[in-house]
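I have placed the structure first, in the form of structure tokens, so that the comments after it can refer back to it.
The values are calculated or read from the model by the stated rules, or taken from the named source; none is laboratory data. Remember, it's a predicted structure, so these values are computed and weren't measured experimentally. In this analysis, Cβ positions are derived from the backbone assuming ideal geometry, glycine residues included, and neighbour counts consider all displayed protein chains. What goes into the accessible areas is simple: the full protein's heavy atoms, side chains included, and nothing from ligands, DNA or RNA. Shrake-Rupley method; radii C 1.70, N 1.55, O 1.52, S 1.80 Å.
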Amino acid sequence: MAAEQTSEPRLVHTLMGSSMSGLLSRIPCHPLDTIKSRLQSATGSQYRGILHCFRSTLAEEGILGLYRGFGVVALLGTPAACVYLSSYELLKSALAPKGSELAFLGHFWSGMGAEAAACLIFVPVDVVKERLQVQGPHDGLHPSRVSAPPTYHGSLDALRVISRTEGIFGLYKGYFATLGSFGPFSALYFVFYEQARAMLAQATGSSNTDSLPAALTLTASAGAGCAASVATCPLDLAKLRLQTQRKLLPGEAVPVGHLRGFQHALQVVWQEAGFWGLFRGAGARAAFHAPSTCITFTTFEECRKVAQAVI
């Protein structure tokens, strides 16, 4: 058996590992994210479930329909993932030192802090991605929605149109809603993930969680991603509804159905479909996050080990 690594990874190792993980996880999992977004959108009730949404999108738009918004993710998702994972590792080293009895609190707040930093890059990516994902093949979002944004012809066109018509605040629409959704997800994810890794290390007799085999890292990340994604599904749904409506112009009358904020979005969904309506798309969200976090964190940990070995 190879000797366990005992040295702590440096920032350069973390940067190299994180730069590879984000993009590699997105390529196979983006279609699941598109399905989740469509199920949670204002017109998501037209779909009977995950398979129906998948089949309908594939029949009407082909494979490219499932990859709507991928361009902006490929362009900006890598630096966002780099900031996210690097920030978490830096915060964890300060807030959750090894051996601390309250390390889980450090993991919680490190996850929140990492998300706050990454959202500075990720929110514009998310706005463009989700508007493209819920856009239909011909007329974009449902034409009866007055507050719906226009039809976009790809990621760069969406960036250009949103910047011109809604300004920088249009690209950062729902920043606090995104932080209110992804922040708790990241916080819970890292608590579950770190606890699962510690338990697996103890069960296998390993003295260092950083030396866990890839299969056990995959197991820890999959379970953590699934649990955190279901728990925070209502927050993600409200965030998506806010980000997929356009920013109103100064002095423009508020149209019927326009959401005023995070709490209003949750209230509207509750009125439309009750408690279970808040968890619409939870299955697709879990189906996306389980493999996505598996690939992201397993790739991150393994690439960081390689970087440690060569640098």
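Tabulated results
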{"item": "Checklist (1) at positive phi; (2) within 24 Å of the chain's Cα centre (by Cα) applied to Gly257, failing item", "result": "(2)"}
{"item": "Number of positions in the range 153-195 that are touching a helix residue (DSSP H, G or I) at 6+ places or on another chain (Cβ under 6 Å) and without any contact (Cβ under 8 Å) to a residue 24 or more places away in the chain", "result": "0"}
{"item": "Filter pass, Phe185 being open to solvent by less than 20 Å² (accessible area, probe 1.4 Å), of a type in the set (A, V, I, L, M, F, W, C) and under 21 Å from Ala290 (Cβ atoms)", "result": "yes"}
{"item": "Contacts under 7 angstrom Cβ, first residue in the range 95-123 being on the phi < 0 side of the Ramachandran plot and at pLDDT 90 or above, partner open to solvent by less than 80 Å² (accessible area, probe 1.4 Å) and among the acidic types (Asp, Glu), 6 or more apart", "result": "His107/Glu194"}
{"item": "Positions within the range 144-165 being modelled with pLDDT of 85 or more and either more than 24 Å from the chain's Cα centre (by Cα) or assigned to a loop (DSSP other than H, G, I, E, B) (or both), in sequence order", "result": "Tyr152, His153, Gly154, Arg164, Thr165"}
{"item": "Near pairs, Cβ below 9 angstrom, 6+ apart or cross-chain, from the range 27-53 (within 23 Å of Ala74 (Cβ to Cβ)) to any residue that is β-branched (Val, Ile, Thr) and surrounded by fewer than 16 Cβ atoms within 10 Å (Cβ to Cβ)", "result": "Pro31/Ile63"}
{"item": "Phe192 being under 21 Å from the mean Cα position of the chain (by Cα), open to solvent by less than 60 Å² (accessible area, probe 1.4 Å) and at negative phi", "result": "no"}
